[in-house]
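Novice: Just dropping this structure here.
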Ligand SMILES: C[S@@+](CC[C@H](N)C(=O)[O-])C[C@H]1O[C@@H](n2cnc3c(N)ncnc32)[C@H](O)[C@@H]1O
């Protein structure tokens, strides 16, 4: 039977997801679509987030290429945004990519960008979906900078879920918990993007690694990608 506490948590989680979705369909879409573009209409903070995020994307692409030919591999880009990872991944020859985002506006913009870049829809498909509803199995599952919307326990549950969909590789990035970051966040200096309208969570890395281990994955690469106002831990896991 569901306890009142469990019910309360589930209701809070659903309410928070509705809020995040609403944000990324409207003002969040406008803001992040500009950040993840060449637009000059960004302020200093947004430009720094763009620079930091690009480091994360470049890191992922470099690690994947080190693993060899991307042809013959299937990818899931979970919480794909406007396709900042999926598009270059397709251009580097990934066989199939299933990319999805909670926000229909973000997924539609990603599809528009892919079409404009001449990427065939048989190679790269976009859909609107939350992470919880994702199914199927892929050689590699990647989830970048989405866990900012997940508290620790739900993030660990999600790592297990994404790992269950990954045959070989799982890559995740998140804002790591550090006492310094916690202090900055509490005085409102951090996460000026989503935190204006949605909550932002930092995560304990050992919990994320332990959740992946429970699902049979071990960390093989780690990096910390930084720019002012951007701080993201990237971990690549392998099955085995
Ligand atoms: C900061 S953006 C990162 C986008 C993309 N992964 C990237 O690195 O370019 C966060 C994205 O997560 C999506 N998102 C937030 N919560 C989600 C959820 N529960 N399921 C799927 N996507 C979600 C948002 O709509 C947004 O597009």
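Bear in mind these aren't lab numbers, they're just calculated from the coordinates by the rules spelled out. In this text the structure is predicted, and so the values were computed from the model without any measurement.
Novice: Of the candidates 216, 79, 68, which one comes out as most mobile in a Gaussian network treatment of the chain with C-alpha springs shorter than 10 Å?
Specialist: 68
Novice: Hey, what number do you get for the chain at 222 nm if only DSSP H runs of n ≥ 4 count, each worth -39500 (n - 2.57), divided across all residues, to the nearest 500?
Specialist: -14000 deg cm²/dmol
Novice: Further question: Using a Gaussian network model on the chain with a 10 Å cutoff between Cα atoms, which of 82, 45, 141 fluctuates the most?
Specialist: In the Gaussian network model the winner is 45.
Novice: From the P(r) of the range 4-239, could you give the percentage of C-alpha pairs in the tail past 28 Å?
Specialist: 26 percent
Novice: Per 5 Å bin, what is the whole-percent P(r) computed from every C-alpha pair distance within the range 120-188?
Specialist: P(r) for the range 120-188, in whole percents per bin: 3, 13, 21, 23, 16, 9, 8, 5, 2, 0.
Novice: While we're on this one: Mind telling me which of 225, 59, 69 comes out most flexible in a GNM of the chain, alpha-carbon contacts under 10 Å?
Specialist: 69
Novice: Hey, what does the equivalent ellipsoid look like for the range 64-189, semi-axes from the Cα gyration tensor as sqrt of 5 times each eigenvalue, largest first, whole Å?
Specialist: 26, 17, 14
Novice: Given Cα positions, please report Rg to Rh for the range 5-135, the hydrodynamic radius being the Kirkwood one.
Specialist: My calculation of the ratio gives 1.01.
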